[in-house]
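Asks: One structure is given below, represented as C-alpha coordinates, and several questions about it will come after.
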Amino acid sequence: MGNFGTRLAECRRNKAFTQEELANRLGVTPQALSKWEKGLSSPDISMVCMICSVLDVSADYLLGIGNGKLAENEDAFGWQKAWKSLRDCLDPLKIIFGMEIMPAFVDALNGNQYIEKVSQLRQRLAKEGTVLPSVRMMDQSCIKPKEFYILAYENVLYREEVEQVDEKTFEYLLGKLEETVRAKYAEILNADIIKGLTDNLKLQYPALITSIVPEKISYGRLLDICKVFIRRGNTLTYFPKIIEETERALREKTDSSTTELAEVVCKQIERPDNFWVMLNKG
(Lines give C-alpha, C1' and ligand atoms only; values in the text may rest on other atoms or scores of the structure.)
Protein backbone atom coordinates (compact mmCIF):
# COMPACT_ATOMS: atom_id res chain seq x y z
CA MET A 1 0.00 0.00 0.00
CA GLY A 2 3.08 2.24 0.11
CA ASN A 3 2.25 5.72 1.38
CA PHE A 4 -1.48 5.00 1.36
CA GLY A 5 -2.06 6.58 4.79
CA THR A 6 -0.26 9.80 3.87
CA ARG A 7 -2.17 10.09 0.58
CA LEU A 8 -5.46 9.30 2.29
CA ALA A 9 -4.92 12.06 4.87
CA GLU A 10 -3.87 14.48 2.11
CA CYS A 11 -7.00 13.77 0.04
CA ARG A 12 -9.22 14.07 3.12
CA ARG A 13 -7.77 17.48 3.98
CA ASN A 14 -8.13 18.61 0.36
CA LYS A 15 -11.88 17.92 0.66
CA ALA A 16 -11.96 19.77 4.01
CA PHE A 17 -13.26 16.65 5.81
CA THR A 18 -12.49 15.89 9.44
CA GLN A 19 -11.58 12.28 10.27
CA GLU A 20 -14.98 11.86 11.92
CA GLU A 21 -16.82 13.24 8.91
CA LEU A 22 -15.04 10.99 6.43
CA ALA A 23 -15.46 7.99 8.73
CA ASN A 24 -19.21 8.64 8.90
CA ARG A 25 -19.44 8.75 5.11
CA LEU A 26 -17.55 5.48 4.82
CA GLY A 27 -19.46 3.74 7.60
CA VAL A 28 -16.36 3.09 9.73
CA THR A 29 -15.20 4.43 13.09
CA PRO A 30 -12.94 7.50 13.33
CA GLN A 31 -10.46 5.28 15.18
CA ALA A 32 -10.24 2.90 12.21
CA LEU A 33 -9.69 5.80 9.81
CA SER A 34 -7.00 7.23 12.08
CA LYS A 35 -5.13 3.91 11.99
CA TRP A 36 -5.29 3.87 8.18
CA GLU A 37 -3.82 7.35 7.98
CA LYS A 38 -1.06 6.48 10.45
CA GLY A 39 -0.20 3.33 8.51
CA LEU A 40 -1.06 1.09 11.49
CA SER A 41 -3.62 -0.84 9.45
CA SER A 42 -5.19 -0.85 6.01
CA PRO A 43 -8.81 -0.92 4.82
CA ASP A 44 -10.25 -3.96 3.11
CA ILE A 45 -9.65 -3.71 -0.64
CA SER A 46 -13.43 -3.52 -1.15
CA MET A 47 -13.39 -0.17 0.69
CA VAL A 48 -10.96 1.47 -1.73
CA CYS A 49 -13.62 2.11 -4.37
CA MET A 50 -15.88 3.85 -1.83
CA ILE A 51 -12.98 5.92 -0.49
CA CYS A 52 -12.09 7.03 -4.02
CA SER A 53 -15.71 7.93 -4.71
CA VAL A 54 -16.10 10.02 -1.56
CA LEU A 55 -12.75 11.79 -1.97
CA ASP A 56 -13.11 12.15 -5.75
CA VAL A 57 -9.66 10.70 -6.43
CA SER A 58 -8.41 7.78 -8.54
CA ALA A 59 -7.39 4.46 -7.00
CA ASP A 60 -4.02 4.76 -8.78
CA TYR A 61 -3.18 7.90 -6.85
CA LEU A 62 -4.49 6.64 -3.52
CA LEU A 63 -2.49 3.41 -3.83
CA GLY A 64 0.62 5.24 -5.01
CA ILE A 65 0.81 3.77 -8.49
CA GLY A 66 -0.03 6.85 -10.56
CA ASN A 67 -0.54 10.59 -10.54
CA GLY A 68 -4.24 10.40 -9.72
CA LYS A 69 -5.43 11.68 -13.08
CA LEU A 70 -7.87 9.81 -15.29
CA ALA A 71 -6.50 8.44 -18.52
CA GLU A 72 -7.94 10.13 -21.59
CA ASN A 73 -10.18 7.17 -22.45
CA GLU A 74 -10.95 6.09 -18.87
CA ASP A 75 -14.10 8.19 -18.73
CA ALA A 76 -14.94 8.13 -22.41
CA PHE A 77 -18.65 7.65 -21.75
CA GLY A 78 -18.81 10.30 -19.03
CA TRP A 79 -19.55 7.94 -16.14
CA GLN A 80 -17.18 9.64 -13.71
CA LYS A 81 -18.63 13.08 -14.47
CA ALA A 82 -22.19 11.75 -14.28
CA TRP A 83 -21.66 10.14 -10.88
CA LYS A 84 -19.90 13.25 -9.59
CA SER A 85 -22.83 15.43 -10.73
CA LEU A 86 -25.24 13.10 -8.96
CA ARG A 87 -23.19 13.23 -5.75
CA ASP A 88 -23.15 17.03 -5.92
CA CYS A 89 -26.95 17.10 -6.22
CA LEU A 90 -27.25 14.99 -3.07
CA ASP A 91 -25.24 17.34 -0.84
CA PRO A 92 -27.31 18.08 2.27
CA LEU A 93 -25.83 21.54 2.70
CA LYS A 94 -24.52 24.04 0.19
CA ILE A 95 -23.63 27.74 0.02
CA ILE A 96 -23.76 29.33 -3.42
CA PHE A 97 -22.70 32.92 -3.92
CA GLY A 98 -22.38 35.59 -6.59
CA MET A 99 -19.17 36.31 -8.45
CA GLU A 100 -18.22 39.38 -6.36
CA ILE A 101 -18.19 37.27 -3.18
CA MET A 102 -15.73 34.76 -4.64
CA PRO A 103 -12.58 36.76 -3.63
CA ALA A 104 -13.61 36.53 0.03
CA PHE A 105 -13.46 32.73 -0.18
CA VAL A 106 -10.17 32.78 -2.07
CA ASP A 107 -8.65 35.01 0.61
CA ALA A 108 -9.94 32.66 3.34
CA LEU A 109 -8.40 29.65 1.58
CA ASN A 110 -5.07 31.40 0.98
CA GLY A 111 -4.92 32.56 4.59
CA ASN A 112 -5.78 29.09 5.94
CA GLN A 113 -8.90 30.53 7.58
CA TYR A 114 -11.30 28.28 5.70
CA ILE A 115 -10.52 24.95 7.38
CA GLU A 116 -9.87 26.61 10.75
CA LYS A 117 -13.15 28.54 10.82
CA VAL A 118 -15.25 25.64 9.54
CA SER A 119 -13.62 23.35 12.12
CA GLN A 120 -14.42 25.81 14.91
CA LEU A 121 -18.02 26.04 13.70
CA ARG A 122 -18.29 22.25 13.62
CA GLN A 123 -16.99 22.02 17.20
CA ARG A 124 -19.42 24.67 18.50
CA LEU A 125 -22.39 22.91 16.95
CA ALA A 126 -21.20 19.49 18.16
CA LYS A 127 -21.41 20.70 21.77
CA GLU A 128 -25.12 21.26 21.14
CA GLY A 129 -25.61 17.80 19.66
CA THR A 130 -25.61 19.11 16.10
CA VAL A 131 -23.47 17.32 13.51
CA LEU A 132 -22.57 19.64 10.66
CA PRO A 133 -22.39 17.67 7.39
CA SER A 134 -19.93 18.60 4.67
CA VAL A 135 -20.71 22.02 3.23
CA ARG A 136 -20.17 22.58 -0.48
CA MET A 137 -19.32 26.20 -1.29
CA MET A 138 -19.38 27.40 -4.88
CA ASP A 139 -19.80 30.54 -6.96
CA GLN A 140 -22.80 30.84 -9.26
CA SER A 141 -23.00 33.28 -12.16
CA CYS A 142 -26.80 33.07 -12.44
CA ILE A 143 -27.42 34.93 -9.16
CA LYS A 144 -26.68 38.54 -8.24
CA PRO A 145 -22.97 39.38 -7.76
CA LYS A 146 -23.29 40.05 -4.02
CA GLU A 147 -26.01 37.53 -3.26
CA PHE A 148 -25.67 34.21 -1.45
CA TYR A 149 -27.96 31.28 -0.74
CA ILE A 150 -27.82 28.52 1.86
CA LEU A 151 -29.41 25.36 0.45
CA ALA A 152 -30.37 21.95 1.80
CA TYR A 153 -31.02 19.44 -0.99
CA GLU A 154 -31.46 22.45 -3.31
CA ASN A 155 -34.19 23.96 -1.09
CA VAL A 156 -33.47 27.54 0.00
CA LEU A 157 -33.04 27.84 3.76
CA TYR A 158 -31.67 31.40 3.67
CA ARG A 159 -30.73 34.07 1.16
CA GLU A 160 -29.28 37.56 1.41
CA GLU A 161 -27.60 40.21 -0.70
CA VAL A 162 -24.67 41.80 1.14
CA GLU A 163 -23.95 45.50 0.77
CA GLN A 164 -20.20 45.15 0.37
CA VAL A 165 -17.54 42.45 0.14
CA ASP A 166 -14.49 42.79 2.39
CA GLU A 167 -12.23 40.78 4.69
CA LYS A 168 -15.16 40.11 7.04
CA THR A 169 -17.50 38.69 4.41
CA PHE A 170 -16.36 35.06 4.70
CA GLU A 171 -16.82 35.07 8.46
CA TYR A 172 -20.20 36.78 8.05
CA LEU A 173 -21.42 34.02 5.72
CA LEU A 174 -20.24 31.36 8.16
CA GLY A 175 -22.16 33.16 10.90
CA LYS A 176 -25.31 33.04 8.80
CA LEU A 177 -24.65 29.36 8.09
CA GLU A 178 -24.40 28.71 11.83
CA GLU A 179 -27.69 30.54 12.50
CA THR A 180 -29.41 28.69 9.66
CA VAL A 181 -28.18 25.26 10.77
CA ARG A 182 -29.51 25.89 14.27
CA ALA A 183 -32.86 27.16 13.01
CA LYS A 184 -33.39 24.64 10.19
CA TYR A 185 -31.51 21.54 11.32
CA ALA A 186 -34.55 19.32 10.80
CA GLU A 187 -34.29 20.16 7.08
CA ILE A 188 -30.60 19.19 7.00
CA LEU A 189 -30.62 16.06 9.15
CA ASN A 190 -30.41 12.82 7.18
CA ALA A 191 -30.05 9.08 7.74
CA ASP A 192 -26.26 9.18 7.24
CA ILE A 193 -25.91 11.66 10.10
CA ILE A 194 -28.16 9.48 12.27
CA LYS A 195 -25.98 6.44 11.45
CA GLY A 196 -22.84 8.41 12.30
CA LEU A 197 -24.30 9.49 15.63
CA THR A 198 -25.36 5.93 16.38
CA ASP A 199 -21.98 4.44 15.45
CA ASN A 200 -20.19 6.97 17.62
CA LEU A 201 -22.56 6.39 20.53
CA LYS A 202 -22.05 2.64 20.29
CA LEU A 203 -18.37 3.05 21.22
CA GLN A 204 -19.31 4.44 24.64
CA TYR A 205 -22.70 2.84 25.23
CA PRO A 206 -22.71 -0.51 23.39
CA ALA A 207 -25.63 -1.91 25.40
CA LEU A 208 -27.81 0.98 24.29
CA ILE A 209 -27.22 0.37 20.58
CA THR A 210 -26.32 -3.30 20.05
CA SER A 211 -29.28 -5.26 18.59
CA ILE A 212 -31.44 -2.12 18.87
CA VAL A 213 -30.32 0.16 16.01
CA PRO A 214 -30.90 -0.61 13.19
CA GLU A 215 -32.27 -4.07 14.07
CA LYS A 216 -35.34 -2.85 16.01
CA ILE A 217 -35.30 0.86 15.16
CA SER A 218 -34.35 1.63 11.57
CA TYR A 219 -32.23 4.68 10.75
CA GLY A 220 -35.17 6.07 8.76
CA ARG A 221 -37.60 5.80 11.66
CA LEU A 222 -35.06 7.25 14.09
CA LEU A 223 -34.51 10.11 11.63
CA ASP A 224 -38.24 10.91 11.51
CA ILE A 225 -38.49 10.88 15.31
CA CYS A 226 -35.46 13.16 15.65
CA LYS A 227 -36.91 15.61 13.13
CA VAL A 228 -40.10 15.91 15.17
CA PHE A 229 -38.01 16.34 18.31
CA ILE A 230 -35.88 19.09 16.75
CA ARG A 231 -38.87 20.96 15.30
CA ARG A 232 -40.20 21.25 18.85
CA GLY A 233 -37.12 23.28 19.76
CA ASN A 234 -34.99 20.46 21.20
CA THR A 235 -31.47 19.35 20.28
CA LEU A 236 -29.80 16.01 19.71
CA THR A 237 -27.87 16.21 22.98
CA TYR A 238 -30.73 13.93 24.03
CA PHE A 239 -29.95 11.40 21.31
CA PRO A 240 -29.15 8.52 23.75
CA LYS A 241 -32.42 9.19 25.56
CA ILE A 242 -34.34 9.29 22.28
CA ILE A 243 -33.11 5.79 21.45
CA GLU A 244 -33.80 4.52 24.95
CA GLU A 245 -37.36 5.87 25.06
CA THR A 246 -38.13 4.70 21.53
CA GLU A 247 -37.00 1.17 22.34
CA ARG A 248 -39.01 1.17 25.56
CA ALA A 249 -42.13 2.38 23.74
CA LEU A 250 -41.74 -0.37 21.14
CA ARG A 251 -41.50 -2.99 23.89
CA GLU A 252 -44.77 -1.75 25.31
CA LYS A 253 -46.49 -1.48 21.92
CA THR A 254 -44.72 -3.19 19.05
CA ASP A 255 -46.98 -1.75 16.36
CA SER A 256 -46.55 1.89 17.43
CA SER A 257 -46.51 4.35 14.54
CA THR A 258 -43.63 6.78 14.10
CA THR A 259 -45.94 9.63 15.13
CA GLU A 260 -46.85 7.80 18.34
CA LEU A 261 -43.22 7.05 19.10
CA ALA A 262 -42.21 10.68 18.55
CA GLU A 263 -44.95 11.83 20.91
CA VAL A 264 -43.85 9.38 23.62
CA VAL A 265 -40.21 10.45 23.27
CA CYS A 266 -41.03 14.15 23.47
CA LYS A 267 -43.32 13.63 26.46
CA GLN A 268 -40.67 11.71 28.39
CA ILE A 269 -37.87 14.18 27.70
CA GLU A 270 -39.85 17.42 27.91
CA ARG A 271 -40.79 16.76 31.54
CA PRO A 272 -41.64 19.70 33.81
CA ASP A 273 -38.54 18.99 35.91
CA ASN A 274 -36.21 19.05 32.91
CA PHE A 275 -33.62 21.79 33.49
CA TRP A 276 -34.07 23.45 30.09
CA VAL A 277 -37.86 23.28 30.30
CA MET A 278 -37.74 24.95 33.74
CA LEU A 279 -35.26 27.54 32.48
CA ASN A 280 -37.39 28.49 29.45
CA LYS A 281 -40.54 28.74 31.53
CA GLY A 282 -38.76 30.93 34.05
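The values are calculated or read from the model by the stated rules, or taken from the named source; none is laboratory data. Owing to the predicted nature of the structure, the values given are computational and were not obtained by experimental measurement. Reconstructed Cβ throughout: ideal geometry from the backbone, glycine too, with neighbour counts over all protein chains shown. With ligands, DNA and RNA removed, areas are computed over all heavy atoms of the protein, side chains included. Shrake-Rupley method; radii C 1.70, N 1.55, O 1.52, S 1.80 Å.
Asks: On a full-extension model of 0.36 nm per residue, what is the gain between SER119 and LYS144, subtracting their alpha-carbon distance, rounded to one decimal in nm?
Replies: Stretched out fully, the SER119 to LYS144 stretch lengthens by 6.1 nm.
Asks: Does anything in the range 169-205 have its amide N under 20 Å from the 7 Å Cα→Cβ label point of SER257, and if so which residues?
Replies: Within reach of a label on SER257, which here means backbone N under 20 Å from a point 7 Å along Cα→Cβ, the range 169-205 contributes nothing.
Asks: So, one more: So with the 1.4 Å probe, I'd like the accessible area per residue for the chain, rounded to whole Å². Can you show the working numbers first?
Replies: Numbers: 16130 Å² over 282 residues.
Per residue, the chain has 57 Å² of solvent-accessible surface.
Asks: Would you mind calculating the relative contact order of the chain from Cα pairs under 8 angstrom and at least 6 residues apart, reporting the percent as a whole number? Don't skip to the end; give the middle numbers.
Replies: Details: 302 pairs, mean separation 41.6, N = 282.
About 15 percent, as a whole number.
Asks: Let me ask something additional. Under 17 Å from a label point 7 Å along Cα→Cβ of ASN14: give me every residue in the range 33-61 with its amide N that close.
Replies: Residues 37, 48-61 fall inside that zone.
Asks: Once neighbouring chains are kept in place and the probe is 1.4 Å, which whole percent of the accessible area of the chain is contributed by carbon and sulfur?
Replies: The nonpolar share, carbon plus sulfur, comes to 52 percent.
Asks: Go ahead and run the numbers for FRET between ASN112 and GLU270, Cβ-Cβ distance against an R0 of 35 Å, rounding to 0.05.
Replies: Using R0 = 35 Å, I get an efficiency of 0.25.
Asks: Return the label of the correct value of percent of Cα pairs over 28 Å apart, as calculated from the structure shown, out of [x] 47; [y] 53; [z] 31.
Replies: [x]
Asks: Rounded, prolate or oblate, given the Cα gyration tensor of the range 120-172, with a/c below 1.5 counting as rounded?
Replies: Note, shape of the range 120-172 comes out oblate.
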